[in-house]
Structure formats: C-alpha cells, structure tokens
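The values are calculated or read from the model by the stated rules, or taken from the named source; none is laboratory data. Predicted, not measured: the structure shown is a model, and the values here were computed from it. Here Cβ is always computed from backbone atoms with ideal geometry, including for glycine, and neighbour counts include all displayed protein chains.
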Amino acid sequence: MSDRKEFYIQSPAGDSILVEIYEELGSVTVLIGGSMRLDLDYASAFDLADALMVMANNMESYYDKEY
C-alpha cells in the first residue's frame, strides 16, 4: 500500500521546495527538492520526525515571545 505525501515547504528566504514522502520496499523514502533523497528504516524515520517536532516547538516558543 502506497500512501504518498506531497507538500511544499518554505525556506527562510521564501523559496518553495517540493517534498515527497512514501513507503517503498520496507523503507520510508523522503525526496526533497528533486536533488536530495533519503531512504530511512522505520526507526530512523521516527527519529527524524521526532527531532523536527522538537526543533519546531522550540522555534514556536521563540516566535511567540518575539511577536
């Protein structure tokens, strides 16, 4: 079963970058901007997702104080 996710992320400079994430052959594949590919096992995919959530939450606190 392929549950492909596609979305755009924004760089601090305002550039839009296409991100595609899907499961393939027992791994999670992340394509970023057509030039970067990560093939991760499931544990690494969860580690990456967890680290992104922690960092984003820390930044959210910073922006809440600033604005």
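Data for the structure
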item: Selection within the stretch 31-48 - loosely packed, with under 13 Cβ neighbours inside 10 Å, under 17 Å from residue 9 (Cα atoms) and modelled with pLDDT of 95 or more; result: 36, 37
item: Pairs where the first residue, in the stretch 2-24, is under 17 Å from residue 40 (Cβ atoms) and the second is among the aliphatic types (A, V, I, L, M) and loosely packed, with under 10 Cβ neighbours inside 10 Å, C-beta under 9 Å, 6+ apart; result: 23/1
item: Pick from the stretch 20-42, criterion of a type outside the set (A, V, I, L, M, F, W, C) and assigned to a loop (DSSP other than H, G, I, E, B), ranking: farthest from the chain's Cα centre (by Cα); result: 26
